[in-house]
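Quick notes on the structure that follows.
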Amino acid sequence: MELIVARNRADLVKARGEGRVALVPTMGALHEGHRALIREARALAPRVVVSIFVNPLQFGPSEDFSRYPRTLEADLDVCRAEGVRAVFTPAAGEMYQSGRQVSVSSGHMGTIVEGTVRPGHFDGVLTVVLKLFNLVQPDVAVFGQKDAQQLAMIRRMAADLDLPIEIAGIPTVREPDGLAMSSRNRYLSPGERQTALALSRALSAGAAEFTPARIKAAARAVLDGADLALDYLVLVDPATFAEVGESYTGEAVLAVAAKVGSTRLIDNAVLRLS
Ligand code: AMP
């Protein structure tokens, strides 16, 4: 079946049709991580809608909104190859009409870890995700563990606001050398690309240890030896993103964010502490 490209609400409603739909929200510049989300979505519903929208609300004033990669034609080819039913790619004016007042507040959880470095980011993310949910009306939506706090916050929003939508997550897809796939990796020079490996190496070093202090120390030792500007390295509860204490048991997320040159990268690993 031919891919439908919907640029406005009316076309989207027609493209969605009736029946079970899975939504994959993205900002485009699609890579293997996005392909994995689409494949998971196809396993969960007969029809998949991919949204491609670089959401101005989730970028800070000094962030990379204007230079964020926009590769729509290549993205549509990816969606065709992956059997997507429709791509929703609205203009900013279609998503945010003038006079806009009301938005989603991400609460305390939106102000910690990633939210400390990117104030307002999660309000912007949750607002656009809720709008996409309302527009597409999916039965299930699929997100990547790569953005672990985002996934946790979307689950929180679905629970807190009683959204009738199942939230599915998939593990982080990596390059063969361990670098987490990201649309921003294309900003990296060859030298920076090498430096960026310190993030996934730090997570592996941490994952080889067994207590919070040792996990963080092992990861930090790798990062200390790399030419990058660390934003944070934390070990947190996967559901709340509160830092875990030394006696914590259960799943924990070791999350890192750093700037390599002018490119900001994030990565994380899910660990089990016993
Ligand atoms: P983005 O286009 O960067 O906003 O990401 C759209 C979706 O793709 C989000 O749910 C991300 O978590 C997910 N994603 C991005 N990179 C990866 C990756 N390397 N592996 C798995 N999911 C990813």
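The values are calculated or read from the model by the stated rules, or taken from the named source; none is laboratory data. Since the model is a prediction, treat every value here as computed from it, not as a measurement. Every residue, glycine as well, gets a Cβ built from its backbone with ideal geometry; the counts of neighbours run over all protein chains shown.
Which condition does Phe241 not pass, out of (1) in contact with a strand residue (DSSP E or B) (Cβ under 6 Å, 6 or more places away or on another chain); (2) within 16 Å of the ligand (Cβ to nearest atom); (3) among the aromatic types (Phe, Trp, Tyr), if it passes all the others?
(1)
Restricting attention to the stretch 207-219, does a residue exist that is touching a residue at least 24 places away in the same chain (Cβ under 8 Å) and touching a Phe, Trp or Tyr at 6+ places or on another chain (Cβ under 7 Å)?
The answer is yes; a qualifying residue exists.
For residues that are part of a loop (DSSP other than H, G, I, E, B) and of a type in the set (D, E, K, R), scanning just the stretch 90-128, find the one that is nearest to Arg35 (Cα to Cα).
The residue in question is Arg118.
All but one of (1) at pLDDT below 95; (2) surrounded by 15 or more Cβ atoms within 10 Å (Cβ to Cβ); (3) of a type in the set (A, V, I, L, M) hold for Val104; which doesn't?
For Val104, the failing item is (1).
Show me the helices (runs of 4 or more DSSP H) found entirely inside the stretch 1-89 where at least 1 residues are surrounded by fewer than 19 Cβ atoms within 10 Å (Cβ to Cβ) and near the ligand (Cβ under 10 Å from one of its atoms).
32-44
The conditions are (1) closer than 17 Å to Ile266 by Cβ; (2) in a helix (DSSP H, G or I), and Phe143 fails exactly one of them. Which is it?
(2)
Looking at the stretch 143-180, which of the residues that are more than 8 Å from the ligand (Cβ to nearest atom) and among the acidic types (Asp, Glu) is surrounded by the fewest Cβ atoms within 10 Å (Cβ to Cβ)?
So the residue we want is Asp162.
Looking at this structure, is Arg201 of a type in the set (Lys, Arg) and either over 22 Å from the mean Cα position of the chain (by Cα) or under 30 Å from Ile52 (Cβ atoms) (or both)?
no
Just give me the residues in the stretch 192-220 being charged (D, E, K, R) and in a helix (DSSP H, G or I), in sequence order.
Glu192, Arg193, Arg201, Arg214, Lys216, Arg220
So which of Arg118, Arg184 ends up being buried (at least 19 other Cβ atoms within 10 Å of the Cβ) and either over 18 Å from Leu271 (Cβ atoms) or hydroxyl-bearing (Ser, Thr, Tyr) (or both)?
On inspection, the qualifying residue turns out to be Arg118.
Which residue pairs have Cβ atoms under 8 Å apart, sit 6 or more places apart or on different chains, and have a first residue in the stretch 20-38 that is farther than 18 Å from Leu130 by Cα and a second that is basic (Lys, Arg) and within 7 Å of the ligand (Cβ to nearest atom)?
So the pair list comes out as Gly33/Lys146.
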